Amino acid sequence: MISVRDIHKSYGQLEVIKGVSFDVTPGEVVCVIGPSGSGKSTILRCLNGLETYQKGEVRIDGQLIDPSARSIIALRQRVSMVFQRFNLFPHRTALENVMEGPVYVKGMERKAARDLAAMYLEKVGLGDKMQNFPDNLSGGQQQRVAIARALAMEPEAILFDEPTSALDPELVGDVLGVMRQVAEEGMTMVVVTHEMGFAREVADRVLFLEGGTIVEEGTAQEVLRNPKELRTQDFLHRVL
Ligand code: ADP
Ligand code: MG
């Protein structure tokens, strides 16, 4: 579904991605872990065309992605992203935030988009908060609106960049619960996270990224419980 081959990315002289390759098969959940500054966000942004790179290729369903092309807008409909900061429109209700993409990007009629948005807000447990503005929602609820917004685009894959890092600890569980449900329903997901419990229980595969390269990859069991590489072991000691 997603194929990444030998991506190299530099900012000026600084090479931050140094030849990263991996595949994500349909319905698979891949968690990306690693220290701050290791290139996790940069890799995710390369997957949906938010970032250009000097070398390598990304394919979605076999189709080569050109981050400089107009077709990138079509790509972002197929691969949605959920950010650490929820990026909701503050002057729109939860319902309007979720309707936005289907109406303005996909050209759906407002009535149909409203029904679709309501369905996805129900799904993330916010059926009773549809008319709330972001200011009147907790951080966890706002992030669930952001997940509903991603789902409403009916994408082929969703990328999550530390979706619970900005939340108060007591709100993390609800968001992870929704993500787990989305995973169980078969969505293809790439999740950058520091939630090792989530990675252990939900990930089909874990990638450990450090210094712009994949140091180790395998099942959650392999990477999180029996890491082979010293650098993975050190990282896990620091976060667990
Ligand atoms: P992570 O998400 O793992 O914390 P990032 O992908 O955000 O790491 O960053 C990887 C490296 O790239 C870091 O050294 C960071 O400082 C650098 N970097 C990220 N974005 C930019 C940018 N726009 N300009 C210059 N350097 C950047
Ligand atoms: Mg990051």
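The values are calculated or read from the model by the stated rules, or taken from the named source; none is laboratory data. Keep in mind that this is a model prediction, so the values were computed, not measured. When we count neighbours, we look across all protein chains shown, and the Cβ atoms used for this are built from the backbone with ideal geometry, even at glycine.
Okay, residues lined up against (1) aliphatic (A, V, I, L, M); (2) closer than 30 Å to D23 by Cβ:
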{"position": "F89", "(1), (2)": "no, no"}
{"position": "M130", "(1), (2)": "yes, no"}
{"position": "L151", "(1), (2)": "yes, yes"}
{"position": "G173", "(1), (2)": "no, no"}
{"position": "V178", "(1), (2)": "yes, yes"}
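Residue by residue through region 178-187, note down the ones that are assigned to a loop (DSSP other than H, G, I, E, B) and on the phi < 0 side of the Ramachandran plot.
E185, M187 - these are the residues of region 178-187 that are assigned to a loop (DSSP other than H, G, I, E, B) and on the phi < 0 side of the Ramachandran plot.
Apart from one condition, V82 fits all of (1) touching a residue at least 60 places away in the same chain (Cβ under 8 Å); (2) over 18 Å from the mean Cα position of the chain (by Cα); the exception is (2).
Among residues of region 21-42 being under 16 Å from E210 (Cβ atoms) and more than 11 Å from ligand 1 (Cβ to nearest atom), the one that is surrounded by the fewest Cβ atoms within 10 Å (Cβ to Cβ) is S21.
For every residue, the table says whether it meets (1) in contact (Cβ under 8 Å) with a residue 12 or more places away in the chain; (2) of a type in the set (D, E, K, R); (3) surrounded by 17 or more Cβ atoms within 10 Å (Cβ to Cβ).
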residue	(1), (2), (3)
N97	yes, no, yes
K111	no, yes, no
K123	yes, yes, yes
G127	no, no, no
L151	yes, no, yes
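Being farther than 12 Å from L236 by Cβ and part of a helix (DSSP H, G or I) is the filter; apply it to region 188-210 and report the residue that is nearest to ligand 2 (Cβ to nearest atom). If we take residues in region 188-210 being farther than 12 Å from L236 by Cβ and part of a helix (DSSP H, G or I), then F198 is nearest to ligand 2 (Cβ to nearest atom). Being over 17 Å from V32 (Cβ atoms), surrounded by 20 or more Cβ atoms within 10 Å (Cβ to Cβ) and within 16 Å of ligand 2 (Cβ to nearest atom) holds for only one residue in L167, L159, and it is L167. The set of residues from region 57-82 being modelled with pLDDT under 95 and within 16 Å of ligand 2 (Cβ to nearest atom) comprises just one member, M81. Note on region 12-28: residues that are within 12 Å of ligand 2 (Cβ to nearest atom) and within 16 Å of the chain's Cα centre (by Cα) total 0.
Filter region 29-56 for residues that are among the β-branched types (V, I, T) and within 13 Å of ligand 2 (Cβ to nearest atom); which is farthest from V191 (Cα to Cα)? That would be T42.
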